[in-house]
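Chemist: Before anything else, here's the structure in question.
Read the figures in this text as sums done on the coordinates, not as results from a lab. A quick note: this is a predicted structure, and the numbers were derived from the prediction, not measured. Cβ atoms come from the backbone with ideal geometry, glycine included; neighbour counts cover every protein chain shown.
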């Protein structure tokens, strides 16, 4: 079973709200970064700490790059304990569970080490390490090869319709995560076929 991070295991978009509310750095102000250079970071082609400085200047951030990144990662260290509990229950039943997420290398390390997801999953897959991100077919292909499964053998949860559609095209049992309650109901059906 494969789970996305942000929007499934981790409550989404908290940092954008925090930046706007605490520092008046709006989503509109940060859009060019997240739709541009940040994509290179997600693919492992650029280092977040190196590309951030000019944007931080533009946004009026007065602290250091390291302080900005620490704040970002700590604000988004917001795990949905219910979903993590479901993962732990699945693993207790002998079902292998993986995390598959579009992340740059610094937050990947934070998720792996500080949030301790290394201990909670059988393996973690990050776009920055794969060199491709969802919904690119290569992302799913690499995971299939690594875990030795394909198609209907893989159940997948993500909150992005485009990511779910791309996984479905490969034959995965891909489900759109909309709420924990819906997830819980659908999990009962999936567990009967895996």
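Chemist: Summing -39500 (n - 2.57) over the DSSP H runs of n ≥ 4 in the chain and dividing by its residue number, what mean residue ellipticity at 222 nm do you reach, to the nearest 500 deg cm²/dmol?
Modeler: Mean residue ellipticity, 222 nm, calculated: -15000 deg cm²/dmol.
Chemist: Antiparallel versus total DSSP beta bridges in the chain: what percent is that, nearest 5?
Modeler: Roughly 5 percent of the beta bridges in the chain run antiparallel, per DSSP.
Chemist: Specify the residue with the greatest mean-square fluctuation among 67, 104, 17, computed from a Gaussian network of the chain linking alpha-carbon atoms under 10 Å apart.
Modeler: It is 67.
Chemist: Pairs of alpha-carbon atoms within less than 8 angstrom and 6+ residues apart define the contacts here; what relative contact order does the chain have, in percent?
Modeler: 25
Chemist: Write down the radius of gyration of the chain and its Dmax, each obtained from C-alpha positions, in Å.
Modeler: Spelled out, the Cα radius of gyration and Dmax of the chain are 17.1, 54 Å.
Chemist: Between 42, 19, 176, which gets the highest mean-square fluctuation from a Gaussian network model of the chain, Cα cutoff 10 Å?
Modeler: 19
Chemist: Under 10 Å, Cα contacts only: if you run a Gaussian network model on the chain, which one of 37, 133, 105 comes out with the highest mean-square fluctuation?
Modeler: Evaluated over the chain, the most mobile residue of the options is 37.
Chemist: Follow-up question, since we're still on this one. At a Förster distance of 25 Å, what's the computed FRET efficiency of residue 159 paired with residue 114, Cβ-Cβ distance as r, to 0.05?
Modeler: Using R0 = 25 Å, I get an efficiency of 0.65.
Chemist: With a/c under 1.5 counting as rounded, go ahead and sort the range 105-193 into rounded, prolate or oblate using the C-alpha gyration tensor (a ≥ b ≥ c being the square roots of the eigenvalues; past the cut-off, prolate if a/b is larger than b/c, else oblate).
Modeler: oblate
Chemist: Right, another one. Say each of residue 137 and residue 31 gets a label point 7 Å from the Cα, pointing the same way as Cα to Cβ; how far apart are those two points in nm?
Modeler: It works out to 3.2 nm between the two label points.
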